[in-house]
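A short worksheet on the structure shown next.
FYI, it's all coordinate maths here, none of it is from the lab. Given the structure is predicted, the values throughout are model-derived calculations rather than measurements. FYI the Cβ positions are ideal-geometry reconstructions off the backbone, even for glycines, and counts take in every protein chain you see.
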Amino acid sequence: MTVTYDAGAIDAAVIDAALGDFFAGRRDETEALGPDFAATISELERFVLRGGKRVRPVFAWLGWLGAGGDPGDPQAQAVLRACAAFELLHASGLIHDDIIDDSLTRRGHPAAHVAFAERHRTRRFSGDSAAFGVGTAIVIGDLALIWADALVRASGLPADAHVRVSPVWSAVRSEVMSGQLLDLINQASDNEDVESALRVNQYKTASYTVQRPLQFGGAIAGADVELETAYGSFGFDIGIAFQLRDDLLGVFGDPTVTGKPSGDDIREGKRTVLFATALALAGERDAAAADYLRARIGTHVTADELDRVRNILVDVGAVKQVEAQISVRAERAMAVLEASNATGLAKRHIADMAVKALQRVR
């Protein structure tokens, strides 16, 4: 595979090609374990390659570019493979997240545990189909995490680059799991605190979506402390803003665009910043509205109930406040990026990526 880019940028197709090569390299190993095993791995491959904008690998690539990485360097292929590992890490998180949230779809297709349950029924396996689906998806999600490590190790990066990226790679894996655990605790404890919701966003989204990918790429190229810090600040604010946009889409999003049913965050009981903000504002202005929100979160709301929830979120000013947070964080992040010592080319591409991520339509 050859890296193709426009003045240093890469797109989803290039990342997909690297991931496809990785799965192809595992084919003999998986087929040797039998046709049903191989079919299960094929489902993982389809899950990874089906949809998604490859935001995390691209940010990692741009982090490398911004620290002086040269796309014409023979090592660029190794950098691309290492960056692609973020998509396997992402797949692991999505598969497990869908189990935890009991989500039926992902990217407009059946969630992994749903697909494996259907395979159980189709193959007329013994036992409970749903239990098989969940169990298989848990293991497959774990395998995606393990293979993310394998892809980084086998990427072909020189030894000194491996030493530099190791702390970043270790941190991002730990942080995303911490975020998932914090999210579970917040939901189970009915936590209504905005700061707690923001902490989940920091660890579950900001870290592995923007912040650590940029620092990962920068570490490969030997970024100095100043640039590493700038990547951290930029990535934190853009990552939080990205999740805030996702919070809005989780309630108001068009399923044909998001790939998930509209209102899923309400049904799943997600303690988002949007929801926490609405409760705080409603508590000051409309106690009945706050009570209604509390009564509906985590329930199978009807279309009419969901419409009322949406109206409350707008009427109490929560949507406006979250949109304002997105704007403030984006402006602050862009200022940090512009003042950084990243290359001019990378700055333009990173800023463009951030704008696209935050302007996702409903």
Checklist entry - Where does segment 188-292 land on Rg/Rh, using Cα atoms and the Kirkwood Rh? => result 1.09
Item to check | Cα-derived Rg to Rh of segment 165-247, Kirkwood definition | outcome: 1.03
Checklist outcome for this item: Net charge (Lys, Arg +1; Asp, Glu -1) of residues whose beta-carbon lies under 12 Å from that of ILE140, ILE140 excluded, is -2
Checklist entry - For segment 54-100 and segment 175-220, what is the separation of their Cα centres, given in Å? => result 18
Item to check | Kyte-Doolittle mean at least 0.0, axial Cα span of 24 Å or more - DSSP H helices of the chain | outcome: 76-101, 129-153, 159-188, 225-252, 318-339
Checklist entry - Between PHE59, GLY235, ALA188, whose Cα lies farthest towards the positive end of the dipole of segment 12-358 when Lys and Arg beta carbons carry +1 and Asp and Glu beta carbons carry -1, centred on the Cα centre? => result PHE59
Checklist entry - Per 5 Å bin from zero, what fraction in whole % of the C-alpha pairs of segment 6-121 is there, up to the bin with the longest pair? => result 2, 11, 19, 19, 17, 14, 9, 6, 3, 1, 0
Next on the checklist: Suppose only helical runs count, i.e. DSSP H with n ≥ 4. What mean residue ellipticity at 222 nm does that imply for the chain under -39500 (n - 2.57) per run, divided by all residues and rounded to the nearest 500 deg cm²/dmol?
Outcome noted: -24000 deg cm²/dmol
Next on the checklist: Using square roots of five times the C-alpha gyration tensor eigenvalues, list the equivalent-ellipsoid semi-axes of segment 102-205 in whole Å, biggest first.
Outcome noted: 30, 25, 10
Checklist entry - Using the 10 angstrom Cβ neighbour count as an exposure proxy, how do LEU182, LEU104, LEU214 rank, fewest first? => result LEU104, LEU182, LEU214
Item to check | Order of HIS349, HIS120, HIS300, HIS113 under a 10 Å beta carbon neighbour criterion, fewest first | outcome: HIS300, HIS120, HIS349, HIS113
Checklist entry - When we measure straight from the Cα of LYS204, which aspartates and glutamates land under 12 angstrom away, once same-chain ones fewer than 8 places off are left out? => result ASP97, GLU175, ASP183
Item to check | Environment charge of CYS83, counting only residues whose C-beta is closer than 12 Å and scoring Lys/Arg +1, Asp/Glu -1 | outcome: +3
Item to check | Net charge over other residues, Cβ less than 14 angstrom from the Cβ of PHE125 (K, R count +1; D, E count -1) | outcome: +1
Checklist entry - Under 16 Å from the Cα of LYS356, which lysines turn up, not counting those fewer than eight places away in the same chain? => result LYS53, LYS347
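Please compute, over every Cα-Cα pair in segment 12-358, the percentage with a separation greater than 33 angstrom. Before the final figure, lay out each step's value.
Working: 18603 of 60031 pairs.
In whole percent, the long-distance tail amounts to 31.
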